[in-house]
Amino acid sequence: MTSGNLAEFTLRGHRVPAIDRTEIDYISGRICKILKATKHSFSPSKIGMFLNSLEENGINIDIVDDEEWIDVARATVDPSTGFIYMPYSLYKNLNRSEPEALRIFLHELGHIFLCHRPLLHFSDKNALQIEDSEWQADTFADCVIDRLKLPRQGRQLEFKNF
Ligand SMILES: [Zn+2]
């Protein structure tokens, strides 16, 4: 009854069990420890090694030819198998530690580590932002970027198209 006062929120992704930012930040810290991820791991000279080492933790990157990439998304993930799919062009940028590519990749890792299961169907009625799988994955990526002080996309880039 009291939820009637909450502003309506439109989910960008699937509705998943709520996890707030504090919890996501805590999880991101645990994951960085387990993966031995540091700022250095994401530097252009080390990131290739780091990406390969993820296989030991059951995370695989499947690189798709740019011409064969038909998905509207820039990358996709199957959290149940630990496979992240991305076009070659994105993989190339990731290996150059390009900030936008890093954030996309960390977002997909977020879907895996926050155990998102799109096959669980929760009602979308009165959904909260903290129940949005896309918000959670974005928040995970931002928490890792803040925690490891990874490069962020320059603000001026956002205005490049104007
Ligand atoms: Zn996503």
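Criterion first (among the β-branched types (Val, Ile, Thr), more than 15 Å from residue 19 (Cα to Cα) and out of contact with any Pro (no Cβ under 8 Å at 6 or more places or on another chain)) does residue 130 satisfy it? Break it down stepwise before answering.
Working: among the β-branched types (Val, Ile, Thr): yes; more than 15 Å from residue 19 (Cα to Cα): no; out of contact with any Pro (no Cβ under 8 Å at 6 or more places or on another chain): yes.
No, not satisfied.
Residue pairs, Cβ under 7 Å, 6 or more apart or interchain, first in the range 105-130 and surrounded by 12 or more Cβ atoms within 10 Å (Cβ to Cβ), second at pLDDT 95 or above and polar (S, T, N, Q). List them.
110/136; 114/136
Taking the stated definitions as given, is residue 132 charged (D, E, K, R), within 16 Å of the ligand (Cβ to nearest atom) and farther than 20 Å from residue 34 by Cβ? Show your work before the answer.
Working: charged (D, E, K, R): yes; within 16 Å of the ligand (Cβ to nearest atom): yes; farther than 20 Å from residue 34 by Cβ: yes.
Spelling it out, residue 132 is indeed charged (D, E, K, R), within 16 Å of the ligand (Cβ to nearest atom) and farther than 20 Å from residue 34 by Cβ.
Mind checking which residues of the range 64-77 are surrounded by 16 or more Cβ atoms within 10 Å (Cβ to Cβ) and out of contact with any Leu (no Cβ under 7 Å at 6 or more places or on another chain)? Walk me through how you get there before you give the answer.
Here is the first cut: in the range 64-77, the residues surrounded by 16 or more Cβ atoms within 10 Å (Cβ to Cβ) are 64, 69, 74-77.
64, 69, 76, 77 - these are the residues of the range 64-77 that are surrounded by 16 or more Cβ atoms within 10 Å (Cβ to Cβ) and out of contact with any Leu (no Cβ under 7 Å at 6 or more places or on another chain).
Among the listed residues 66, 71, which satisfies the condition of being touching a strand residue (DSSP E or B) at 6+ places or on another chain (Cβ under 6 Å) and among the charged types (D, E, K, R)?
Numbers: 71 fails: touching a strand residue (DSSP E or B) at 6+ places or on another chain (Cβ under 6 Å).
When all the criteria are applied, what remains is 66.
Counting just the residues of the range 91-129 that are within 15 Å of the ligand (Cβ to nearest atom) and among the aromatic types (Phe, Trp, Tyr), which one comes out nearest to residue 50 (Cα to Cα)?
105
The values are calculated or read from the model by the stated rules, or taken from the named source; none is laboratory data. Please read these numbers as outputs of a predicted model, since none were measured by experiment. We place every Cβ from the backbone using ideal geometry, glycine too, and count neighbours over all the protein chains shown.
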